[in-house]
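Read the figures in this text as sums done on the coordinates, not as results from a lab. Just so we're clear, the structure is a prediction, and the values are computed from it rather than from any experiment. Cβ sites come from the backbone with ideal geometry, for glycine too, and all protein chains shown count toward neighbours.
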Amino acid sequence: MINIALPKGRLGDHVFNILSKGGYDCREMHDANRQLIFTSEENGISYFLVKPSDVDIYVAHGAADIGIVGKDILLEHDPDVYELLDLGIGKCQMCVAARKGFQDDPSLPLRVATKFTNIAKAHFDDLNRQIEIIRLNGSIELAPLLGLSDVIVDIVETGTTLRENGLEVISRFLPISARLIANKASYSFRSAEIDQLVRKLSEGIQA
Ligand code: PRP
């Protein structure tokens, strides 16, 4: 059996679609409510549904042989895994955003709310801009509205969340998409099986 960690939620829907196109039936998972482990005897695969930001942890520790995870999580966590394939799904941008009309005062540190603290630090380091990081876990868009931060660093997909909260993009600095990753030891022992899966998924993407 190959163990695969898959992300729940918005990216999960794209993932089920791409797996189906590659010949891996995912109807059972798609319709599932609270079940977290699914086994396909015919394909020799066990799927685990995990929080999107936990996929790389399961793979790095070998609890899953492979996984599907956003590039944002890989850049933020920098896990010791192989990145095998850009799946071209879950496309979005890492952005700096603020309230409409926000004027930056370069004489003060910029207060940045984000869950991507490493990505934000690296970005503002590149710009030589001094910042103060405020780490949040979700609903980041609230921070500038409540005066908790000047700007946010977050992923923007459709732009709806920013628009509905009176925020606007200041800069888009990192394109993001979902990647197939592998545990290093699993890949060295099971490269034939994993490569076959990569091939089928690539064909599914192109179809
Ligand atoms: C992400 C992100 C934004 C939103 C952007 O949140 O943090 O809030 O999606 O998407 P949009 O541009 O299509 O509106 P997510 O749904 O992952 O939930 P979170 O607030 O818990 O981070």
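Report, by residue number, each residue of the stretch 125-154 that is closer than 16 Å to residue 171 by Cα, of a type outside the set (A, V, I, L, M, F, W, C) and within 21 Å of the chain's Cα centre (by Cα).
141, 154
Every residue in the stretch 85-101 that is surrounded by fewer than 18 Cβ atoms within 10 Å (Cβ to Cβ) and in contact with a Leu (Cβ under 9 Å, 6 or more places away or on another chain), please.
Matches in the stretch 85-101: 86, 89, 93, 99, 100.
Only one of 174, 136, 162 is within 10 Å of the ligand (Cβ to nearest atom) and either without any contact (Cβ under 8 Å) to a residue 24 or more places away in the chain or under 17 Å from residue 69 (Cβ atoms) (or both). Can you tell me which?
On inspection, the qualifying residue turns out to be 136.
Among (1) of a type in the set (Gly, Ala, Ser); (2) within 14 Å of the ligand (Cβ to nearest atom); (3) outside any strand (DSSP E or B); (4) farther than 18 Å from residue 70 by Cβ, there is one condition residue 113 misses while meeting the rest; what is its number?
Condition (3) is where residue 113 drops out.
Just a yes or no: is a residue in the stretch 157-180 buried (at least 16 other Cβ atoms within 10 Å of the Cβ) and touching a Phe, Trp or Tyr at 6+ places or on another chain (Cβ under 7 Å)?
no
Considering only residues that are more than 16 Å from the ligand (Cβ to nearest atom), assigned to a strand (DSSP E or B) and either among the acidic types (Asp, Glu) or closer than 29 Å to residue 17 by Cβ (or both), which ones fall in the stretch 77-110?
82, 83, 84, 85, 86
Which of the residues that make up the stretch 102-118 are surrounded by 14 or more Cβ atoms within 10 Å (Cβ to Cβ) and within 15 Å of the chain's Cα centre (by Cα)?
Of everything in the stretch 102-118, those that are surrounded by 14 or more Cβ atoms within 10 Å (Cβ to Cβ) and within 15 Å of the chain's Cα centre (by Cα) turn out to be 114, 115, 116, 117.
Please determine, by comparing only the residues of the stretch 1-57 that are in contact with a Lys or Arg (Cβ under 9 Å, 6 or more places away or on another chain) and among the hydroxyl-bearing types (Ser, Thr, Tyr), which one is farthest from residue 195 (Cα to Cα).
Across the stretch 1-57, the extreme among qualifying residues is 53.
Residue 146 passes all but one of (1) surrounded by 16 or more Cβ atoms within 10 Å (Cβ to Cβ); (2) of a type in the set (A, V, I, L, M); (3) closer than 25 Å to residue 95 by Cβ; which number fails?
(1)
More than 14 Å from the ligand (Cβ to nearest atom) and either in contact with a helix residue (DSSP H, G or I) (Cβ under 8 Å, 6 or more places away or on another chain) or in contact (Cβ under 8 Å) with a residue 12 or more places away in the chain (or both): which single residue out of 141, 157, 193, 168 fits that description?
193
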